[in-house]
1. Residue by residue through the range 236-249, what is 3J(HN,Hα) from phi via Karplus (6.51 cos²θ - 1.76 cosθ + 1.60, θ = phi - 60°)? Round to whole Hz and write x for glycine and proline.
2. Karplus couplings for the range 274-285 from phi (6.51 cos²θ - 1.76 cosθ + 1.60, θ = phi - 60°), rounded to Hz, Gly and Pro as x?
3. Near LYS207, which aspartates and glutamates are there with a Cα under 15 Å away, not counting those fewer than 8 places off in the same chain?
4. Averaging sequence separations of C-alpha pairs under 8 Å and six or more residues apart, then dividing by the length of the range 434-490, give the relative contact order as a whole percent.
5. So how much slack lies between ASP447 and SER321, counting 0.36 nm per residue of separation and subtracting their Cα-Cα distance, in nm?
6. When ARG465, ARG257, ARG127 are ordered from fewest to most other Cβ atoms inside 10 Å of their Cβ, what list results?
7. Past the 19 Å Cα-Cα mark, which pairs from LYS223/LYS265; LYS139/LYS265; LYS139/LYS223; LYS139/LYS250; LYS232/LYS265?
8. Please report the spacing between the Cα centers of the range 332-391 and the range 218-275 in Å, no decimals.
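Since every read-out is calculated from the coordinates, none of them should be taken as a lab result. Since the structure is predicted, the reported quantities are computational estimates derived from the model, not experimental observations. Quick reminder, even Gly has a Cβ in these numbers, built from the backbone with ideal geometry, and neighbours come from all protein chains shown.
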Amino acid sequence: MSEMKITQPRGRVSRGGGILPTVRRGAAGPGPCGDPRPGEPGGATAWFSDVLCLRPAARPVAAWRARALRWLPALAAGLLAWPASGAGAQRVDLIDISGPIGPASAEYLSRATRVAGADHAQCLVVRLDTPGGLLDSMKDIVQAIYASPVPVVVYVAPEGASAGSAGCFITLAADVAAMAPHGNIGAAHPVELGGLVPAQTDDVMAKKLESYGASYIEAIANKHERNAEWAKSAVRESASVTSERALELKVIDLIARDVPDLMAKIDGRVVRGTPLATARAQVAVIPLLARERLFQTLWRPEVMFLLMLIAVYGIIGELSSPGAVLPGVAGAIALILLLYMASIVPINIAGVALVVLSIILFVIDVFAPTHGVLTFGAIASFFLGSLLVFDRAGSGFQLSLATVVPATITTAVFFLFVVGAGLRAQRAPVRAGPETMIGRVVEAQADIGRGAGRVLVEGEIWAARSDEAVAQGQPVEIVGIDGLVLKVKPKK
């Protein structure tokens, strides 16, 4: 009798020992990859295999590979785009510009726009507080704002800050113009822009310069649909308004208490066709480079004035004490730096001429005392020249009395006592060595002629000769020294 093989049905074993039938996936119809083979897993694993068609037994290899490759590009693109979009929405760059606008400020802002573009920042915030500055630097900043790869927000802050003269042009050029409460903006007449007005202008030239400034600021205001009429009055009439009034006149876009308040208020504002997302953005400060910080310090009227004094003191000191080296080197370096900065920051030639005249008068007074007349003239010339030397450099570049008065006193003391003492010492008679005997009158110890004779000087016997005959005991005057022989002549 043959054996009979009994095959148990496939399924899961229940707790009671019975066999539960396996629920086959696809009872309502085959899936996209067909029914699973006996023993295949079901549930999510089987569904994932169906989606990507990773079950080679159900379809040919080429079919499931082609379908998988269709999914991979979309998945990769999504993974690459997600971090880039998330990073750009989370950053706002910030820089601070305070004090007079100069070349260092223009270079700083231009670099900051490039950094903000590389950071994919939502915008660049320029926190501004300035009384004005140089025309060329202001134009460089305006052009850098126009060319910026990201929107530029100029924020005149903190409370009480001002955007005067060149600062008014910069604020109006921004994509978003904002101010802190209780600030002011305006006073942009051409006379306040350093380097714009020549030392001497007639009425026709002044009118031309005024028209130029008015047309330039009008073009800036019209670019962002701000109040162009008020902008022209800021140039022609030196109009200046508070931040609250500027908002009413549509000179600025908004008022914010601080940077977080500014971020909340510009969030969602459409700038350059794209809404800003700044409400939750991280604000990152772009610091000054060491080079920018150095030039920002040097391009100050006080520093330039100090360099001028160092150049004067050093060169005069080297001339009065040849061979000292250090004063001459320091003076030469200071003079070169001064000439370089004077090519950028405009100076008044009349002021420089008065300072040079004062130095000449101080030196003359040392050689030809005039009972204080030249000294007084030199001090007055130096004081007036110091006040005039930077009067064309614009707002924030003039020297204050707190700088001019101590410099005048120091210079007067330097020339009257230090230089004067050195020059007088050079002119004083020699007080040591054989040269001290010249001019003295002594008695001949023996007859003196063209041959050798003898004289007694301070207890020492010296050989002497004379072009005229001298008898023994006759007084003679020492007129020179030739080696160890004194030249004498009869004292009449």
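1. 6, 10, 6, 5, 9, 10, 6, 5, 5, 5, 4, 5, 5, 7
2. Computed from phi, the couplings for the range 274-285 are 10, x, 7, 10, 10, 4, 10, 6, 8, 8, 10, 7 Hz.
3. Filter leaves GLU192, GLU237.
4. Values: 140 pairs, mean separation 20.0, N = 57.
Reported as a whole number, the value is 35 percent.
5. On the way: separation 126, 0.36 × 126 = 45.36 nm, distance 4.45 nm.
Result for the pair: 40.9 nm of gain on full extension.
6. Details: ARG465 16, ARG257 13, ARG127 21.
Ordered by Cβ neighbours within 10 Å, fewest first: ARG257, ARG465, ARG127.
7. Working: LYS223/LYS265 22 Å; LYS139/LYS265 28 Å; LYS139/LYS223 15 Å; LYS139/LYS250 23 Å; LYS232/LYS265 28 Å.
Checking Cα-Cα distances, LYS223/LYS265; LYS139/LYS265; LYS139/LYS250; LYS232/LYS265 exceed 19 Å.
8. Between the Cα centre of the range 332-391 and that of the range 218-275, the gap is 45 Å.
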